[in-house]
Amino acid sequence: MYNLKLLIGIDIGATWTRVALSKPSGEVLSRTSFKTPRSGGRRTVAEAIIDEVKRSLSKHLHNVEAIGVGTIGPLDLSSGIVFNAANLPIKTFDVAQPLMEELGKPVIMANDCTAAVWGEYVFGVGKNVENLIYVTISTGIGGGVIVDGNLLVGKSGNAHEIGHIVVDASGKMTCGCGGRGHWEAYSSGANMPRLASRLIEEWSLSNLEKMSKVYESYTSNNLSPELIYAEAKNNDLLALRILLEVNKYNAAGFESIINTYDPELITIGGSIALNNPELVIEPIVSYLKNTKGLLTQFPSIRQTELGGDIVLIGAIALAAMPPRNLLKRLKYLSEK
């Protein structure tokens, strides 16, 4: 059907893995998705991807030039491995080598948010922006960074783990990675219910707050970020009080990355931010415009236009135009 050179982009998330067939221009021709395996061995995730690619794209594989992968981390890029994943029960798993062995294509792999910021730079609103940050607020919190046109990678591929910036020196909350006081432990979808429960236990609540659906869900051990944000949109006092605390940690994280990287543009994505921009992005921007803590000019901050596809588009961008400094880290490409 497609008599042209093609690319495959793969987005490995903690909940879903998505696969797309694309033109080098970034135009997606077809896509599919499946639940990321949550049990098994080191090759289970890669084998699930291989099975899906062979099932849905086998007739196009001969035209595929390369495969780009954006995956949850942390990473060991030299060997193409994910290790100590914070939000997936399969903590360590191989990605690059099994895909290359079974599909016969070079695999350009990076952290999901590194892929995302590269997708923003190549195909999104970050074109011609030399200093760019992408932040996701979703199951976890992550970021990708471009400084002076250079994608930040780091010695192992983990130069961008902004979700593990310490935003609370007291270390009140424990992160999924085992660290304490990390941004992700307070404001991510995976950890927000634990923070909310702790706050409810610490606060003196009014009778009106105790009538909240959020409080009811807390008492039944059924809190979720979706409920908190939904009730906040209904002006629920307890939900709004919780989000005021959550956004303090978001603001601290953003202030830190602006001062560290001096970006021209920050784009924001992830399901929590994309589904609740008025309760996530707007409070962050409002705080940053009024803080005295920024040591550089205020950057443009906006919701990504690539939406929930940003990691998938970023994976395609890695395959279409792989950064040279990233390729240097992918030692598995030169191994026999």
(1) part of a loop (DSSP other than H, G, I, E, B); (2) surrounded by fewer than 17 Cβ atoms within 10 Å (Cβ to Cβ); (3) touching a Phe, Trp or Tyr at 6+ places or on another chain (Cβ under 9 Å): which one isn't true of Ser197, the others all being true?
(1)
Which condition number does Gly80 fail, the rest of (1) in contact with a Pro (Cβ under 7 Å, 6 or more places away or on another chain); (2) at positive phi being met?
(1)
For the subset of the stretch 9-36 comprising residues that are over 22 Å from the mean Cα position of the chain (by Cα) and of a type outside the set (S, T, N, Q), which member is nearest to Thr139 (Cα to Cα)?
Leu29
Within the stretch 286-305, restricting to residues that are part of a helix (DSSP H, G or I) and surrounded by fewer than 18 Cβ atoms within 10 Å (Cβ to Cβ), the one that is farthest from the chain's Cα centre (by Cα) is Asn290
Which of (1) free of Cβ contacts under 8 Å to residues at least 12 places away in the same chain; (2) among the hydroxyl-bearing types (Ser, Thr, Tyr); (3) over 23 Å from Asn191 (Cβ atoms) is the odd one out, the single condition Thr260 does not satisfy?
(3)
Name the single residue, out of those in the stretch 1-56 being surrounded by 15 or more Cβ atoms within 10 Å (Cβ to Cβ) and acidic (Asp, Glu), that is nearest to Ser271 (Cα to Cα).
Asp11
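Confirm whether Glu245 is in contact (Cβ under 8 Å) with a residue 24 or more places away in the chain, out of contact with any strand residue (DSSP E or B) (no Cβ under 9 Å at 6 or more places or on another chain) and not in a loop (DSSP other than H, G, I, E, B). It would help to see each step written out before you state the result.
Working: in contact (Cβ under 8 Å) with a residue 24 or more places away in the chain: yes; out of contact with any strand residue (DSSP E or B) (no Cβ under 9 Å at 6 or more places or on another chain): yes; not in a loop (DSSP other than H, G, I, E, B): yes.
Yes; evaluated as a whole, the condition is true for this residue.
Any residue in the stretch 37-58 that is in a loop (DSSP other than H, G, I, E, B), in contact (Cβ under 8 Å) with a residue 60 or more places away in the chain, over 18 Å from Ala319 (Cβ atoms) and under 21 Å from the mean Cα position of the chain (by Cα)? Outline the logic, then answer.
Step one: of the stretch 37-58, the residues in a loop (DSSP other than H, G, I, E, B) are 37-43.
Next, from what is left, pick out any that are in contact (Cβ under 8 Å) with a residue 60 or more places away in the chain: none.
No, the conditions are met nowhere in the stretch 37-58.
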Filtered residue count, the stretch 200-211, keeping only those that are within 14 Å of Leu244 (Cβ to Cβ) and surrounded by 14 or more Cβ atoms within 10 Å (Cβ to Cβ)
2
Name, by its number, the condition in (1) buried (at least 20 other Cβ atoms within 10 Å of the Cβ); (2) closer than 28 Å to Ile146 by Cβ; (3) under 17 Å from the mean Cα position of the chain (by Cα) that does not hold for Pro263.
(3)
Determine, yes or no, whether Val135 is of a type in the set (A, V, I, L, M) and either over 16 Å from the mean Cα position of the chain (by Cα) or on the phi > 0 side of the Ramachandran plot (or both).
no
Return the pairs, sorted by first residue and then second, in which the second residue is assigned to a loop (DSSP other than H, G, I, E, B), the first residue lies in the stretch 198-213 and is farther than 12 Å from Ala239 by Cβ, the beta carbons are less than 9 Å apart, and the residues are 6+ apart or on different chains.
Arg198/Lys172; Arg198/Met173; Leu205/Ser212
Checking Lys213 against (1) closer than 23 Å to Val135 by Cα; (2) over 19 Å from the mean Cα position of the chain (by Cα), which single condition isn't satisfied?
(1)
Within the stretch 61-167, which strands (runs of 3 or more DSSP E) (wholly inside it) include 2 or more residues that are surrounded by fewer than 23 Cβ atoms within 10 Å (Cβ to Cβ)?
64-71
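Would you mention how many residues in the stretch 89-117 are hydrophobic (A, V, I, L, M, F, W, C) and under 13 Å from the mean Cα position of the chain (by Cα)?
The first filter runs over the stretch 89-117 and keeps only residues hydrophobic (A, V, I, L, M, F, W, C), leaving 90, 93, 95-96, 99-100, 103, 107-110, 113, 115-117.
Among the residues that remain, those that are also under 13 Å from the mean Cα position of the chain (by Cα) are: 110, 113, 115-117.
Of the residues in the stretch 89-117, 5 are hydrophobic (A, V, I, L, M, F, W, C) and under 13 Å from the mean Cα position of the chain (by Cα).
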Among the residues of the stretch 174-190 satisfying the criterion of being more than 15 Å from the chain's Cα centre (by Cα) and buried (at least 21 other Cβ atoms within 10 Å of the Cβ), which is modelled with the lowest pLDDT?
Cys175
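The values are calculated or read from the model by the stated rules, or taken from the named source; none is laboratory data. All of these numbers come straight from a predicted model, not from anything done at the bench. We place every Cβ from the backbone using ideal geometry, glycine too, and count neighbours over all the protein chains shown.
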